[in-house]
């Protein structure tokens, strides 16, 4: 129990720091201080900062999809669920203070040869795209676009508007994207 508590404190501290100030600006000593643990405790749970980063990204992905699923679960499939996915992103950005997508932030910071990290980021984005695709195929009305093209369009609207929200510190573009989606499907 104590070991899990230590691991949890390390991951919580690293998560806060990685998300708010970035991976590269967060030092091991700062994580140790924030978690209130000994250096040996950190390295017994996470042999390197990269291992800690992978744990952070995996936790972020689990939390994101768990929260998203809870948010959209009462929406009927297809159109309503797609709209709920966009609404969830608006809600998440407004409640996070527009700090941004943790996956895109990390992607911008790590080297191109960090394969394990890049794979976690890619899997997160691929999973979101699959979730949208699952709802696109449930749409009852005939669309002008193929399922693949509509999935891409919705995904790009969502990702583009979330990046813009990070830059502008406003969900105006996200709400605009939601309006476009409402008129499209």
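The values are calculated or read from the model by the stated rules, or taken from the named source; none is laboratory data. Worth saying up front: this structure is predicted, and the values here are computed from it rather than measured. Cβ placement follows ideal geometry from the backbone for every residue including glycine, while neighbour counts extend to all protein chains displayed.
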Tell me, yes or no, whether region 49-67 has at least one residue that is over 25 Å from residue 170 (Cβ atoms), touching a helix residue (DSSP H, G or I) at 6+ places or on another chain (Cβ under 8 Å) and part of a loop (DSSP other than H, G, I, E, B).
no
Can you find, within region 76-91, the residue that is nearest to residue 132 (Cα to Cα) among those that are without any contact (Cβ under 8 Å) to a residue 60 or more places away in the chain, surrounded by fewer than 17 Cβ atoms within 10 Å (Cβ to Cβ) and in contact with a helix residue (DSSP H, G or I) (Cβ under 9 Å, 6 or more places away or on another chain)?
80
Here are some conditions: (1) surrounded by fewer than 13 Cβ atoms within 10 Å (Cβ to Cβ); (2) in contact with a helix residue (DSSP H, G or I) (Cβ under 8 Å, 6 or more places away or on another chain); (3) in a helix (DSSP H, G or I). Residue 112 meets all but one. Which one does it not meet?
(3)
Here is a list of conditions, (1) at pLDDT below 95; (2) in the same structural domain as residue 101 (by TED's automatic domain parsing), and residue 3 meets all of them except one; can you say which number that is?
(2)
Odd one out for residue 150 among (1) buried (at least 19 other Cβ atoms within 10 Å of the Cβ); (2) more than 23 Å from residue 108 (Cα to Cα); (3) touching a residue at least 40 places away in the same chain (Cβ under 8 Å):
(3)
Do the conditions hold for residue 76, that is, is it over 29 Å from residue 167 (Cα atoms), at pLDDT below 95, out of contact with any strand residue (DSSP E or B) (no Cβ under 6 Å at 6 or more places or on another chain) and in the same structural domain as residue 173 (by TED's automatic domain parsing)?
yes
Any hit, region 30-37, residues being assigned to a loop (DSSP other than H, G, I, E, B) and in the same structural domain as residue 5 (by TED's automatic domain parsing)
yes
